[in-house]
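I have placed the structure first, in the form of structure tokens, so that the comments after it can refer back to it.
The values are calculated or read from the model by the stated rules, or taken from the named source; none is laboratory data. For clarity, every value in this text was computed on a predicted model and none was experimentally measured. Cβ coordinates were reconstructed from backbone atoms using ideal geometry, including for glycine residues, and neighbour counts include every protein chain displayed. Please note that ligands, DNA and RNA were not included when accessible areas were found on the heavy atoms of the full protein model with its side chains. Shrake-Rupley method; radii C 1.70, N 1.55, O 1.52, S 1.80 Å.
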Amino acid sequence: QCCTDPRETTLLQHLCSKGEHGKQLWAGFVETQGLCVAELLALFPSCTPRLHQLLSCLTPLPPRYYSIASSPLVCPDRMTIAFSMVRYCCQPPSSPATDNASPPPPPARAIERSG
């Protein structure tokens, strides 16, 4: 229980129930408005979950392998992509006298593509 207001507790229990009625409530209230967790908490001010409870509701973010580093407002026919190359060495460490480590990875680069 995270809510101090019994009415909010009851409403949230109905909204989050796994039955058909709960699914319809969720679709009609949350999904149609595109509400996020922060907006739901603002709508139910007596609901104050602990941080670990909030984190358990979130889906992990996928890795981001590149970024768009340009704006179509500045140059609509050109896109710049920024990325970094990472090399991993999984060999056991060697002694400093015989260290044949790989060279460091190259710096991040941007690739421009005209379209």
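At a glance:
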{"item": "Condition check for S17: touching a residue at least 12 places away in the same chain (Cβ under 8 Å) and hydroxyl-bearing (S, T, Y)", "result": "no"}
{"item": "Any chance R109 is open to solvent by 100 Å² or more (accessible area, probe 1.4 Å) and modelled with pLDDT of 90 or more", "result": "no"}
{"item": "Pairs with Cβ under 6 Å, 6+ apart, first in region 27-56 and under 19 Å from T9 (Cβ atoms), second surrounded by 11 or more Cβ atoms within 10 Å (Cβ to Cβ) and among the polar types (S, T, N, Q)", "result": "S46/T4"}
{"item": "Enumeration of residues in region 24-45 that are surrounded by 13 or more Cβ atoms within 10 Å (Cβ to Cβ) and out of contact with any helix residue (DSSP H, G or I) (no Cβ under 8 Å at 6 or more places or on another chain)", "result": "L41, L43"}
{"item": "Check on R7, out of contact with any strand residue (DSSP E or B) (no Cβ under 9 Å at 6 or more places or on another chain), modelled with pLDDT of 90 or more and surrounded by 10 or more Cβ atoms within 10 Å (Cβ to Cβ)", "result": "yes"}
{"item": "Residue that is modelled with the lowest pLDDT [pool: residues in region 46-93 that are surrounded by 10 or more Cβ atoms within 10 Å (Cβ to Cβ) and of a type in the set (G, A, S)]", "result": "S84"}
